Amino acid sequence: MAKIVTLTMNPALDIATSIERIVPDRKLRCDTPRYDPGGGGINVARAVHALGVESLAVFPAGGAAGELISHLLRQEGVGYNAVPISGFTRESLNVAERESGQQYRFILPGPEIDGRDQQRCLDALAGAAVDADYVVASGSLPRGIPEDFYTRVGEITRRLGKHLILDTSGPALRHAGAGVYLLKPSLGELEGLVGHPIRDEREEEDAARTLIEQGRCEIAVVSLGARGALLATRQSIERLPALQVASKTAVGAGDSMLAGILVGLIRGLSLSEATRFGIAAGAAALLTAGTQLCRLDDVERLYQESVNAV
């Protein structure tokens, strides 16, 4: 029985490689690539599994990339329900330039998903979420899916009596509706939700409170990058510092952070300590190369360091 079920409507086959230098108008021969299942919810499910908690990823899958995502999840031991669609699952390419240390990320658009396939994905989610503790809807929406799609996801989780955790951006975030248990916006996404620039820490806290007062969520965890995270509930506001690590790439850090928060809650940690555990998971993802996510030993070590520093 999966304790955490995730929904990813725009999955991706993530391909990571490196090259000495990127130059235009020339054949660029890259190093051996690494292939990983990708997309917000899939990444969360993989990170949850890596942290020792059973998860299940629901996603639409089409074409060779969709088949390979399923194959790679089986290899990792991550539970999944791939809903067949006629379109082709997208691919994304991450290229590390060794000379400069820069990362170049090329994200292709997802397929167009019609109403019938959207409903089949929602039905698969409803079936998988019956025995789950948390439902995570994460990532962008591909073509064909209305901007208020996550409102429909919220209706399912409310009917089942489950906690919905939402991590998305743009119009999908603005039209997500109310009733989300935990929302994890970045600072830029928080500005988009409240409709004005945020200039200082006081305005950050006011904006996070506004989300809760509007009924958008019960808990807001605002990612602040190098400044850590802002944890807001109806009762309190708390700032939790970032952990300083030697970063190889930021790919997957946000998804690992969210996975860490949920695993912390399932372990019985307080909301504050679970968020601290999530920050450790996000920092651990920075230690891995390419499209890899966090590793359990790194997360446990970094979390203990953060606890000792308090």
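Only one entry in 66, 87, 110 is touching a strand residue (DSSP E or B) at 6+ places or on another chain (Cβ under 9 Å), at pLDDT below 95, closer than 25 Å to residue 253 by Cα and among the small types (Gly, Ala, Ser), namely 110.
Where strands (runs of 3 or more DSSP E) fall wholly inside segment 67-165, no range has 3 or more residues that are surrounded by 19 or more Cβ atoms within 10 Å (Cβ to Cβ), under 19 Å from the mean Cα position of the chain (by Cα) and polar (S, T, N, Q). Checking 16, 50 one by one, the residue that is closer than 26 Å to residue 99 by Cα and of a type in the set (Gly, Ala, Ser) is 16 and no other.
The selection criterion, being outside any strand (DSSP E or B), among the hydrophobic types (A, V, I, L, M, F, W, C) and touching a residue at least 40 places away in the same chain (Cβ under 8 Å), holds for residue 44. Residues that are part of a strand (DSSP E or B) and of a type in the set (S, T, N, Q) within segment 10-41 comprise 17, 18, listed in sequence order.
Going by the conditions given, is residue 263 in contact (Cβ under 8 Å) with a residue 40 or more places away in the chain, β-branched (Val, Ile, Thr), assigned to a loop (DSSP other than H, G, I, E, B) and out of contact with any strand residue (DSSP E or B) (no Cβ under 7 Å at 6 or more places or on another chain)? No: the conditions fail for residue 263. Taking the listed residues 212, 156, 266, 165, the one that is out of contact with any Leu (no Cβ under 7 Å at 6 or more places or on another chain), under 19 Å from residue 55 (Cβ atoms) and either modelled with pLDDT of 95 or more or among the β-branched types (Val, Ile, Thr) (or both) is 266, with no other qualifying. Selection of segment 166-182 for residues being of a type outside the set (S, T, N, Q) and not in a strand (DSSP E or B) yields 170, 171, 172, 173, 174, 175, 176, 177, 178, 179.
Of the residues making up segment 47-66, those that are over 15 Å from residue 11 (Cβ atoms) and part of a loop (DSSP other than H, G, I, E, B) are 51, 52, 53, 54. Checking each residue in segment 176-199 for being over 15 Å from residue 238 (Cα atoms) and of a type in the set (D, E, K, R) picks out 189, 191, 199. Within segment 266-283, being among the hydrophobic types (A, V, I, L, M, F, W, C) and either under 16 Å from the mean Cα position of the chain (by Cα) or in a helix (DSSP H, G or I) (or both) holds for 266, 271, 274, 277, 279, 280, 281, 283.
If you check 26, 21 for being exposed (fewer than 15 other Cβ atoms within 10 Å of the Cβ), among the basic types (Lys, Arg), in contact (Cβ under 8 Å) with a residue 12 or more places away in the chain and more than 30 Å from residue 266 (Cα to Cα), only one passes: 21.
The values are calculated or read from the model by the stated rules, or taken from the named source; none is laboratory data. Treat the numbers as computed from the prediction; the structure is a model and nothing was measured. For neighbour counting, all protein chains shown are included, and Cβ atoms are generated from backbone atoms with ideal geometry for every residue, glycine included.
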